[in-house]
Amino acid sequence: AIICALTGLGIGPGDEVILPGYTFIATAAAIVGVGAIPVIAEIDDSLGLDVADVERKITPHTKAILPVHMQGVPCRLEAIVELAQQHNLQVVEDCCQCVGGQYKGKYAGTWGNAGAWSLNYYKVISCGEGGLVFTDDYDVYERAAFAAEPGLPMWMSDSEWQNKPFSRQCYRTSEIL
Ligand SMILES: *Cc1c(COP(=O)(O)O)cnc(C)c1O
């Protein structure tokens, strides 16, 4: 799901993505999976990104901040989104450990440009494997859909496509869904 969200946002080779040092390896693996460079920042007592350290880690190559809401605790989303806007960066939220969590009355996964959830076998909601991407941006959704299917999202008619399709690996969820 994180690979699809990053692809949906157009993040790829050469781009730097800032993530916290405290997370599951899949967060960094997804950044590497799209050819981008993971840049690790410190956490604070929110268990999530330390916003001051994120700011120190921003370079001309930074394209996105990837906060992770660990153990159900949302990160300092307001400050992270504000910092991202100041530097023209995207925000992808890793919500794999935070299903239904809120920060200042707004759901985790709805603050950034996209949110990602895992549906693997030991998550809060499981479908055996796979994951979910949330976004309110149609372009991001469509490119994430191309990234989830090997270039042909079977639930979409090609007459609806607004982006040029491209090939990717296959990340379909299992039939349990
Ligand atoms: C579970 C988890 C993931 C994704 O795990 P997959 O097994 O690849 O679905 C990513 N980030 C965090 C923080 C997780 O806990």
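The values are calculated or read from the model by the stated rules, or taken from the named source; none is laboratory data. Bear in mind that the values here come from a model prediction, so they are computed numbers and not experimental data. Cβ placement follows ideal geometry from the backbone for every residue including glycine, while neighbour counts extend to all protein chains displayed.
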Task: Candidate set: the range 61-75, residues that are β-branched (Val, Ile, Thr), away from the ligand (no atom under 11 Å from the Cβ) and under 18 Å from Thr110 (Cβ atoms); chosen: the one surrounded by the fewest Cβ atoms within 10 Å (Cβ to Cβ) - done: Val73
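Given Ile18, Ile58, Ile40, which one is farther than 24 Å from Asn163 by Cα, surrounded by fewer than 24 Cβ atoms within 10 Å (Cβ to Cβ) and either among the acidic types (Asp, Glu) or within 16 Å of the ligand (Cβ to nearest atom) (or both)?
Ile40
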Open item on the list: Can you tell me which residue is farthest from the chain's Cα centre (by Cα) among those in the range 148-177 that are part of a helix (DSSP H, G or I) and surrounded by fewer than 10 Cβ atoms within 10 Å (Cβ to Cβ)?
Closed with: Ser159
Open item on the list: I'm trying to understand the selection: among the residues of the range 123-140, which are at pLDDT 85 or above and assigned to a loop (DSSP other than H, G, I, E, B)?
Closed with: Lys123, Val124, Ile125, Ser126, Glu129, Gly130, Thr135, Asp136, Asp137
- [ ] Quickly run through the range 141-177 and pick out the residues that are among the β-branched types (Val, Ile, Thr) and modelled with pLDDT of 75 or more.
- [x] Thr173
- [ ] For the range 105-122, indicate whether the set of residues that are charged (D, E, K, R), part of a loop (DSSP other than H, G, I, E, B) and over 15 Å from Ala30 (Cβ atoms) is non-empty.
- [x] no
TODO: Take the range 103-128 and flag every residue that is closer than 12 Å to Pro67 by Cα and within 15 Å of the ligand (Cβ to nearest atom).
DONE: Ala108, Gly109, Gly112, Ala114, Gly115, Ala116
Open item on the list: Six or more apart or on different chains, Cβ atoms under 8 Å: show the pairs whose first residue is in the range 12-41 and in contact (Cβ under 8 Å) with a residue 12 or more places away in the chain and whose second is charged (D, E, K, R) and within 16 Å of the ligand (Cβ to nearest atom).
Closed with: Leu19/Asp94; Thr23/Asp94; Thr27/Asp94
Open item on the list: Please determine whether any residue of the range 14-25 is within 21 Å of Ala144 (Cβ to Cβ), touching a helix residue (DSSP H, G or I) at 6+ places or on another chain (Cβ under 6 Å) and of a type outside the set (A, V, I, L, M).
Closed with: no
Open item on the list: Whether any residue in the range 88-102 is surrounded by 19 or more Cβ atoms within 10 Å (Cβ to Cβ), away from the ligand (no atom under 15 Å from the Cβ) and more than 20 Å from Ala5 (Cα to Cα) is what I want to check.
Closed with: no
